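Remarks on the structure that follows.
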Amino acid sequence: MSMLHLVNKSPFEKNSLKVAISCALNKSAILMIEDGVYGAVSDAKHSDMVKTAMNKSDFYVLKEDTQARGIDESKIIDGIQLVDYAGFVELSTKYDKIQSWV
Amino acid sequence: MKFSIQINEGPYQHQSSDTAYQFTKAALEAGHEIFRVFFYHDAVNVATRLAIPPQDDRNITKLWQELAEQHKLDLVVCIAAAQRRGLLDEAEAKRQGKDANNIATGFRISGLGQLIEAGIQADRLIVFGD
């Protein structure tokens with residue numbers, strides 16, 4: 001069973017990204033939305049954790065939410081894919097279950 | 001594919017009702033079906049017709065209403081969450097002896113069974129909010 005994990009909290013605020021990463025099985029994906037997009041920023045204290053987790057899971061970040069927070073594409077960790085809402089919908093169809101972390 | 005949407009947070013304290021709206025819109029544009037949108041907890045505040053947001057702010061109630069009208073969406077408000085927060089339809093106002101109701105057109109009040117059914121009937125249930 002494949003799962004899409006939604007993370008909507010900043011890693012500076014809560015540990016939901018860490019929890020999602022630790023629960024994600026192989027072939028699962030993590031999509032960062034809302035304040036969760038801060039987890040995609042490179043050179044931050046959590047960046048190494050994300051980079052390591054990228055060996056196991058695919059990482060995506062919602063483009064609209066990065067733009068709304070003034071996060072430039074160049075600041076996003078290499079290998080994290082930017083998706084728009086249409087891409088979000090597509091990911092939701094691709095994975096069997098969707099888990100929203102809080 | 002058939003989606004159901006659950007929203008848990010209020011429109012002015014959390015982004016969830018906006019994210020859910022954008023997701024629903026994109027899903028419909030991609031040709032998917034939305035089985036139901038369930039407004040739970042503080043998200044029931046989306047369904048009041050008495051809110052007057054500033055003109056330069058998005059009117060989230062109106063956005064949902066328009067989308068619902070266009071695509072015949074089933075917008076369901078949790079009854080227990082609604083009653084706690086003073087959101088009533090005509091029948092409930094009468095039943096509870098209240099002098100007014102405030103539910104916006106396009107929304108209906110019902111119970112948690114509707115959420116369970118939404119989870120069963122849809123291929124995917126997506127939860128927005130905390």
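Below are the figures for this structure:
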quantity	calculated
The protein assembly as shown: translational diffusion in µm²/s, Stokes-Einstein, Kirkwood Rh over Cα pairs, 10 °C, 1.306 mPa s	86 µm²/s
Dipole in debye (nearest 20) - the range B:7-66, about Cα centre, beta carbon charges: Lys, Arg +1; Asp, Glu -1	160 debye
Number of partner chain Cβ atoms within 10 Å, mean per residue of B:1-7	1
Label-reachable residues, the range A:66-85, where backbone N falls under 14 Å from a point 7 Å from A:M49's Cα toward its Cβ	none
From the C-alpha gyration tensor of chain B, square roots of 5λ in Å	23, 17, 13
Nonlocal Lys pairs with alpha-carbon distance under 17 Å, the range B:1-103 (8 or more apart, or different chains)	5
Number of partner chain Cβ atoms within 10 Å, mean per residue of A:90-99	3
The range A:1-63: trypsin sites (Lys or Arg not before Pro) falling in loop per DSSP and having at most 15 other Cβ within 10 Å	A:K27, A:K45, A:K56
Expected 222 nm ellipticity per residue - DSSP helices of 4 or more, -39500 (n - 2.57), all of the protein assembly as shown, to 500	-9500 deg cm²/dmol
Mean Cβ neighbour count within 10 Å, used as a protection proxy, ranking B:10-23, B:49-62, B:67-80 highest first	B:10-23, B:67-80, B:49-62
Once the Cα gyration tensor of chain A is diagonalised, semi-axes √(5λ) in Å	18, 15, 12
Average beta-carbon neighbours from other chains, 10 Å sphere, peptide A:64-73	1
Cβ-derived FRET efficiency at R0 25 Å, B:A91 paired with A:K97, nearest 0.05	0.10
Estimated dipole of the protein assembly as shown in Debye, rounded to 20 [Cβ of Lys and Arg +1, of Asp and Glu -1, Cα centre]	600 debye
Of all DSSP beta bridges in chain B, antiparallel share, percent nearest 5	5 percent
Solvent-accessible area per residue for the range B:11-130 (1.4 angstrom probe, square angstrom)	52 Å²
Residue among A:A53, B:C78, A:L6 farthest towards the positive dipole end of the protein assembly as shown, charges placed on Cβ	B:C78
Loss of accessible area when B meets A, both sides summed, Å² nearest 100, probe 1.4 Å	1400 Å²
Within the accessible area of the protein assembly as shown (1.4 Å probe), percent carbon and sulfur	47 percent
FRET efficiency, B:Y12 to A:A68 (Cβ-Cβ, R0 22 Å, nearest 0.05)	0.85
Relative contact order (%) - the range A:1-77, alpha-carbon pairs under 8 angstrom, separation at least six	32 percent
Relative contact order (%) - chain B, alpha-carbon pairs under 8 angstrom, separation at least six	37 percent
Acute angle (nearest 10 degrees) that the helix B:16-29 long axis makes with the longest principal axis of chain B, alpha-carbon atoms	50 degrees
Mean Cβ count within 10 Å, highest first, over the residues of peptides B:96-108, B:28-40	B:28-40, B:96-108
In range of the label at A:E13: residues from the range A:31-56 whose backbone nitrogen is under 17 Å from the point 7 Å along Cα→Cβ	A:31-41, A:46
About the Cα centre, charge dipole magnitude for chain A (Lys/Arg +1, Asp/Glu -1 at Cβ), debye	420 debye
Spin-label pair A:A86/B:L112, simplified geometry with 7 Å Cα→Cβ offset, distance in nm	3.9 nm
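The values are calculated or read from the model by the stated rules, or taken from the named source; none is laboratory data. None of the values given here were measured: they were computed from a predicted structure. We place every Cβ from the backbone using ideal geometry, glycine too, and count neighbours over all the protein chains shown. Surface accessibility is based on the protein's heavy atoms, side chains included, excluding ligands, DNA and RNA. Shrake-Rupley method; radii C 1.70, N 1.55, O 1.52, S 1.80 Å.
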